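Contents: one structure, followed by commentary.
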């Protein structure tokens, strides 16, 4: 029996993702076609589009793809280290483009400014990540660091780790943030207790904690606005 070929050269010209993108623009392409362009090539048995389809089937959604590790990607048939790196690089560029602003200088005037800066990075993560934004005297974000990665519903961080990083970055003030993988940004009692410990530690070392943001799926809560700090 003849083996069915899935090579890209066997796909009609008008259905090839690169040609379709050139003719109709990137917005006209499906998720699988866009991934196929990042992958560049398929395998001897499958076109890049079919391999991209395997990725989407395996991860279930673009949200899950953003959080897939190198090991998880390379476990998919047709994805080696090089292709996994290409995908991870594309995802990271997308995240950075969302965060970037004119001149790469981000000024925090209200909680929403800080939330916009980190929302796309944190909203899809499956574990809690505790992030600090370090600000200068003009409230410009001069650095950001992920200080801990917790379990599904617990992020562990100690004030000394936060302020060690703040001093290293010569911060005048800081904004703390972490995500809730459930998508619900309602603060837990542990979140409130941690916030109060951080505020007290900041008063001792002379670095103000401006806010603690809890990031959900497309929404956030400012503990400053909630009157908790």
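The values are calculated or read from the model by the stated rules, or taken from the named source; none is laboratory data. Remember, predicted model here, so these are calculated numbers, not experimental data. Cβ sites come from the backbone with ideal geometry, for glycine too, and all protein chains shown count toward neighbours.
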> Taking residue 113 and the conditions (1) crowded, with 20+ Cβ neighbours inside 10 Å; (2) within 21 Å of residue 227 (Cβ to Cβ), which numbered condition does it fall short on, given that it satisfies the others?
Replying inline: (1)
>> Can you say whether residue 76 is assigned to a loop (DSSP other than H, G, I, E, B) and either exposed (fewer than 15 other Cβ atoms within 10 Å of the Cβ) or out of contact with any strand residue (DSSP E or B) (no Cβ under 7 Å at 6 or more places or on another chain) (or both), as far as the supplied structure shows?
In response: yes
> In region 121-145, which residues are exposed (fewer than 15 other Cβ atoms within 10 Å of the Cβ) and in a strand (DSSP E or B)?
Replying inline: 140
> Pick from 89, 82, 52, 75: which is out of contact with any helix residue (DSSP H, G or I) (no Cβ under 9 Å at 6 or more places or on another chain), modelled with pLDDT of 90 or more, outside the structural domain of residue 195 (by TED's automatic domain parsing) and more than 12 Å from residue 175 (Cβ to Cβ)?
Replying inline: 82
> In the set 172, 165, which member is in the same structural domain as residue 106 (by TED's automatic domain parsing), over 27 Å from residue 124 (Cα atoms) and surrounded by 17 or more Cβ atoms within 10 Å (Cβ to Cβ)?
Replying inline: 172
>> I'm trying to understand the selection: among the residues of region 50-68, which are in contact (Cβ under 8 Å) with a residue 40 or more places away in the chain and not in a helix (DSSP H, G or I)?
In response: 67
> If you check residue 157 against the conditions, is it in the same structural domain as residue 108 (by TED's automatic domain parsing), in contact (Cβ under 8 Å) with a residue 24 or more places away in the chain and either in a loop (DSSP other than H, G, I, E, B) or exposed (fewer than 15 other Cβ atoms within 10 Å of the Cβ) (or both)?
Replying inline: yes
>> Being assigned to a strand (DSSP E or B) and in contact with a strand residue (DSSP E or B) (Cβ under 8 Å, 6 or more places away or on another chain): is that true of residue 118 here?
In response: no
> From 199, 209, which residue is within 23 Å of residue 120 (Cα to Cα), surrounded by 13 or more Cβ atoms within 10 Å (Cβ to Cβ) and at pLDDT 95 or above?
Replying inline: 209
